[in-house]
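Below is one structure, written out as structure tokens; the observations come after it.
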Amino acid sequence: MQFFIERGIDFIVVLQAVVGDWFIFPMRFFSYLGNEEFFLLVLPLIYWSVDSALGLRVGFILVTSNLFNYAGKLIFTGPRPYWVSSQVRALWLTETSFGIPSGHAQLAMSVWGMIAAYLKRAWVWVAMLTVIFFIGFSRMYLGVHFPHDVIFGWLLGAAVLWAFVWFWEPVGAWIGGKTLSQKILIAFAASLLFIALGYGTWVLRSGFQIPEEWISNALLAGAVEPEPLDPDSAFTSAGTFFGLAVGAAWIMSLGGYQASGPVGKRAIRYVIGLIGVVVFYLGLGAIFPRELDLISYLLRYVRYALIGWWVAGGAPWVFVRFKLAEQAKSI
């Protein structure tokens with residue numbers, strides 16, 4: 001691993017010097033297209049206002065890929081370039097997690113790849129692969145990932161994408177034959193597996209000591225202090241997965257939901273839906289404690305389960321109820 005770190009530093013230092021500062025803005029733009037927060041804005045837009053079937057796929061692959069990325073980072077405990085070398089300029093200053101695999105590269109491959117796989121058009125594949133490439137490239141230029149971080153992120157994201165494309169229909173058919181109660185139990189069991197993988201990996205790595213050099217270099221670069229040993233992501237992914245699954249199953253039991261309709265109604269849906277997300281996210285975030293204890297983790301699970309339920313089921317129910325959308329027999 002040290003060989004890849006050293007060669008990666010050489011590559012990034014040369015890249016930043018040769019390309020120059022004019023590239024900072026476009027690279028930050030592409031990095032934003034791979035942000036988890038950006039996808040959390042895109043997912044509701046697709047599901048509520050564009051294509052509900054695609055939106056559901058994007059939602060599930062997002063939370064699943066995010067969990068595997070979290071576990072992968074804890075397994076490898078790899079540094080970021082500016083943590084180990086003061087020669088690397090940190091041009092994206094908010095990262096606190098481990099480096100490998102790159103979350104931006106992985107989520108981009110999973111989410112943008114899912115959109116391309118669903119639409120099945122050559123020009124969409126070209127566009128999505130171009131975006132995926134530049135998202136990964138931007139992470140290297142901005143000094144927050146080594147080339148091997150990005151490559152492994154792409155590979156892991158592609159593996160998750162392949163699994164979703166291959167198993168979505170058969171698993172969906174199997175789930176479709178279950179009662180609502182059975183679907184909820186299956187979703188809960190799956191979310192417990194999420195917690196077992198994420199929290200279990202964190203327990204194994206909880207004794208890891210972050211080198212002082214990593215901390216001092218990060219602070220010297222003007223970035224935030226590394227805090228890579230945070231178990232919150234395991235409960236965030238698990239709760240969101242459970243909420244999405246329950247919301248989707250519930251709205252289907254009521255007749256389903258479709259995202260078609262006039263542009264004006266689609267825009268109103270998105271605005272109303274986002275207000276609900278903000279209420280759950282900020283409101284419950286202000287009420288629930290954020291300590292490192294079991295109660296806080298469980299409440300985090302509940303908080304994100306409610307957000308997932310609102311996105312997949314609660315908001316669509318409101319839309320149908322107030323004639324902003326119509327029911328459909330399938331999603």
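Taken together, the values in this text are just the output of simple stated rules run on the coordinates, not laboratory data. What you see is a predicted model, and the numbers here were worked out from it, not measured in a lab. Cβ sites come from the backbone with ideal geometry, for glycine too, and all protein chains shown count toward neighbours.
Using alpha carbons only, what's the Rg to Rh ratio of segment 200-331 with Rh from Kirkwood? Write out the running numbers ahead of the final one.
On the way: Rg = 19.7 Å, Rh = 17.3 Å.
Checking Rg against Rh, the ratio lands at 1.14.
By the equivalent-ellipsoid construction on the alpha carbon gyration tensor, the chain comes out with semi-axes of 35, 23, 18 Å, ordered largest to smallest. In terms of other Cβ atoms within 10 Å, K178, K120, K73 run from fewest to most in the order K120, K178, K73. Here the Karplus curve 6.51 cos²θ - 1.76 cosθ + 1.60, taken at θ = phi - 60°, turns the phi angles of segment 253-267 into couplings of 5, 9, x, x, 8, 10, 8, 6, x, x, 4, x, 5, 4, 5 Hz, with x standing for Gly and Pro.
Tell me, Kirkwood radius of segment 81-170 from alpha-carbon pair distances, in Å? Before the final figure, lay out the partial values.
Values: mean 1/r = 0.0729 Å⁻¹.
Kirkwood hydrodynamic radius for segment 81-170: 13.7 Å.
About its Cα centre, the dipole of the chain is roughly 1340 debye, where the only charges are +1 on Lys and Arg Cβ and -1 on Asp and Glu Cβ. Using +1 at the C-beta of Lys and Arg and -1 at the C-beta of Asp and Glu, which of W168, P211, G255 has the Cα lying farthest in the positive direction of the dipole of segment 166-262? Checked the options; the winner is G255.
For the chain: lysine pairs with Cα atoms under 21 Å, gap of 8 or more or different chains, count? Step by step, the pairs that qualify in the chain add up to 4. Mind running the shape call on segment 123-209? Use the C-alpha gyration tensor, a ≥ b ≥ c as the square roots of the eigenvalues: rounded below 1.5 for a/c, prolate if a/b tops b/c, oblate otherwise. Cα axes put segment 123-209 in the oblate bin. For the peptides 217-225, 41-49, the ranking by mean Cβ contacts within 10 Å, running from highest to lowest, is 41-49, 217-225. The phi-based Karplus calculation (6.51 cos²θ - 1.76 cosθ + 1.60; θ = phi - 60°) puts the 3J(HN,Hα) values of segment 159-172 at 5, 5, 4, 4, 4, 5, 5, 6, 9, 4, 5, x, 5, x Hz, whole numbers, x for Gly and Pro. Springs join every pair of Cα atoms under 10 Å in this Gaussian network model of the chain, and among V277, V14, V63 the largest mean-square fluctuation is at V14. When the chain is modelled as a GNM with alpha-carbon springs shorter than 10 Å, which of M128, M140, M114 fluctuates the most? Maximum among the listed residues: M128. Which one, G255, G55, G78, has the greatest fluctuation when you compute a Gaussian network model over the chain with C-alpha springs under 10 angstrom? It is G255. Taking amide H as placed 1.01 Å from N in the peptide plane, E326 has its amide H under 5 Å from the amide H of Q258, each at least 5 places away in sequence or on another chain. Between V224 and E95, the built amide H atoms are under 5 Å apart, and every one of these is 5 or more places off in sequence or on another chain.
Can you compute the helix-only [θ] at 222 nm over the chain? Use -39500 (n - 2.57) per DSSP H run of at least 4 residues, normalise by all residues, nearest 500 deg cm²/dmol.
-23500 deg cm²/dmol
Phi angles of segment 75-80 translate, via the Karplus equation with coefficients 6.51, -1.76, 1.60 and θ = phi - 60°, into HN-Hα couplings of 5, 8, 6, x, x, 9 Hz per residue; Gly and Pro are given as x.
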